[in-house]
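Novice: This is the structure I have questions about; it appears just below.
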Amino acid sequence: MPSTAPTAQSPTAERVGGSSLADVTASDSTLRRFLHGLPGVDAVGLEARAASLGTRSIKAASKAYAIDLAISMVDLTTLEGADTPGKVRALGAKAVHPDPTDRTAPTTAAVCVYPDMVAVAKEAVAGSGVKVASVATAFPAGRAALDVKLADVRDAVAAGADEIDMVIDRGAFLAGRYLKVYDEIVAVKQVCGTDARLKVIFETGELSTYDNIRRASWLGMLAGADFIKTSTGKVAVNATPANTLLMLEAVRDFRAQTGVQVGVKPAGGIRTSKDAVKFLVLVNETAGEDWLDNHWFRFGASSLLNDLLMQRQKLATGRYSGPDYVTVD
């Protein structure tokens, strides 16, 4: 399996753009020079390709496979102020057995909760192989001092989180303070250690341009992200085919240059099986088959799973289920 992304502090000799990682991240000016030296994004071409790939049709047998694959890639999520232990236990039970009437349905990849609910989630999915992901670093805004953010991560890891979904400081990024953003990701990665994989959320809807999304993708990967993630799901614009395509191109190119594979997680706004299949086509046609696995691609979603289950039953029985077939999360 390809390795996880190194940081400039690691002894690896990976090179990007003819420079070592340590050289690229040695100072704010060298990092800015590298990020602003990335090729500009052709917005029209990017959106046209994403739209074109979204029109691809697949056969019924392939659709059944795609639906099961999509189910296995879901990070089943609840991130509300009204979350209770009971709600999280129910979510965990659903992640382990998405369709109680059909035990052939795959488990989801993970459940995603706030740090104070990690222990409850771990108990709910114990022994199933379902991971527990926790948002952290003052999610969703990321507006807190670094020591507060790191304490957030430590609490989640200590409670047993298998994965940490952190948010970057978008204000620092948009102000061009790239090294500050880089250093925060490195610090969070160090707290995760070998116990938890790190997903870095960019909040693409706040980054304004495709060029910024490309720069954020490379910045996150240089700093050691195991996954790069589009969004928190808490803003108006979340995952889109175009911004996900751009991030898939980034992880593909990063692996080509460094030999290191990084995952991608679109989150927010993906609600139907049709949407999910479109994103899987993007993965296959852009990054390739190596990413068609829940170790390297995830959907951050809540309502998506229900539609996948209803479409799965329709393929099996030839009819749609009633509204009571799936649970209301």
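Novice: When the distances between all Cα atoms of the chain are binned every 10 Å from zero, what whole-number percent does each bin get?
Specialist: Binned Cα distances yield the sequence 6, 27, 35, 23, 8, 1, 0.
Novice: For the chain, with every protein chain kept in place, what is the accessible area per residue (1.4 Å probe, Å²)?
Specialist: 41 Å²
Novice: What does the C-alpha gyration tensor say about the overall shape of segment 203-301? Classify as rounded when a/c is under 1.5, otherwise prolate if a/b is larger than b/c, or oblate.
Specialist: The shape class here is oblate.
Novice: Simple spin-label model, 7 Å along Cα-to-Cβ: Arg56 to Thr272 in nm?
Specialist: Distance between the two pseudo-spin positions: 1.9 nm.
Novice: Go ahead and collect, in residue order, the members of segment 177-198 whose backbone nitrogen is under 12 Å from a label point 7 Å along the Cα-Cβ direction of Arg32.
Specialist: It comes to 177-180, nothing else.
Novice: How would you order 215-224, 190-199, 257-266 from highest to lowest mean count of nearby Cβ atoms within 10 Å?
Specialist: Ranking the peptides 215-224, 190-199, 257-266 by packing returns 215-224, 257-266, 190-199.
Novice: Ignoring any ligand, DNA or RNA, what whole percent of the accessible area of segment 35-318 comes from carbon and sulfur when the probe is 1.4 angstrom? Let's see the in-between values first.
Specialist: Working: 5410 of 10610 Å².
After summing per-atom areas, the C and S share lands at 51 percent.
Novice: Quick one: check the C-alpha center-to-center distance for segment 88-105 versus segment 276-316, whole angstrom.
Specialist: Between the Cα centres of segment 88-105 and segment 276-316 lies a distance of 17 Å.
Novice: Work out, step by step, the length gained on full extension between Thr84 and His295: first 0.36 nm times the residue separation, then minus their alpha carbon distance; give nm to one decimal.
Specialist: Full extension from Thr84 to His295 adds 73.1 nm.
Novice: Among the aspartates and glutamates, select those whose C-alpha is under 17 Å from the C-alpha of Lys189, and discard any that sit fewer than 8 residues away in the same chain.
Specialist: Asp147, Asp152, Asp155, Asp162, Glu163, Asp165, Asp169, Asp226
Novice: Given points 7 Å out from each Cα along the Cα-Cβ axis, report the Tyr320 to Val235 separation in nanometres with one decimal.
Specialist: According to this spin-label approximation, the distance is 3.4 nm.
Novice: Ok, one more. With r as the distance between the Cβ atoms of Arg177 and Ser20 and R0 = 25 Å, compute the FRET efficiency 1/(1 + (r/R0)^6) and round to 0.05.
Specialist: It comes to 0.65.
The values are calculated or read from the model by the stated rules, or taken from the named source; none is laboratory data. It should be emphasised that the depicted structure is a prediction, and the values quoted were computed from it without experimental measurement. Neighbour counts are summed over all protein chains in view; Cβ atoms, including those assigned to glycine, are modelled from backbone coordinates with ideal geometry. These area figures cover heavy atoms from the full protein model, side chains too; ligands, DNA and RNA do not enter into them. Shrake-Rupley method; radii C 1.70, N 1.55, O 1.52, S 1.80 Å.
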